[in-house]
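Taking it in order: structure first as structure tokens, then the write-up.
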Amino acid sequence: MNSFSLALNVFDNVIVFGSAQGFVCQSCEGNYWRVQAFNVGGNGHIVFQEVQNNDEIIDARIESGSSGNGTAGVCYSSSGQENLVRLVCDTGAAGWVALSDAPAAGSGNTYDLSLIGTATLGVLSARSTARVNAQTSSSFTVFGGGDFLSLGNPPNGAVSYCSNCRVANPCVAGGAGALAKRINGTWICN
């Protein structure tokens, strides 16, 4: 499929069957996608790829099928930011991952993921967040974040992973990483 650039469209009930790569969208912005892809992928292929995309809402179910559709595939890849993605990545083939998330600049993306079969999380940027439901393990949330200097002053209730914080109240740099919570105007790390 050729790559294309689109803005402010609705793609509802798009179905792809038996393709190595289903979607490629470059510089897309503000679109709503509701897509299903079945029996897709190939060795190292990305089924749904967005390049420099922003403000997209994506509701996707991607199923690779059996090992005959290749290994080491990626269900969804993004180099954009501020996208909301609900993704079911269902595969029985080896090496498949749900995400390749690498926002080029600014803020990250928000993911709600369901991993079925042999699919694993993949790459999640420190600026993005994901809630993950995995068929083979318990559910978990992965918090984006950065280092101590990037915590900033968000409102109370914010939660972030601090890559160089120590467990302390208040948070301080110089550790191997901690979960930072913003409570009463203070970052608390544990």
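Computed quantities for the displayed model
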{"item": "q = 0.10 Å⁻¹, the chain: log10 I(q)/I(0) [Debye, one scatterer per Cα]", "result": "-0.44"}
{"item": "Potential extension, A20-L84 segment - 0.36 nm per residue separation minus Cα distance", "result": "20.6 nm"}
{"item": "Listed peptides 9-18, 177-186, 93-102, 38-47 by packing density, highest first (mean Cβ within 10 Å)", "result": "93-102, 38-47, 177-186, 9-18"}
{"item": "Extension gain, N153 back to A104 (0.36 nm per residue minus Cα-Cα distance, nm)", "result": "15.4 nm"}
{"item": "Difference of contour (0.36 nm per residue) and Cα-Cα distance, A72 to F11", "result": "19.2 nm"}
{"item": "Taking N as its residue count, the alpha carbon Rg of the range 105-190 over 2.2 N^0.38 Å", "result": "1.18"}
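Each value in this text was obtained by applying a stated rule to the coordinates, not by laboratory testing. Remember, it's a predicted structure, so these values are computed and weren't measured experimentally. Glycine also receives a Cβ, built like all others from the backbone with ideal geometry; neighbour counts cover every protein chain displayed.
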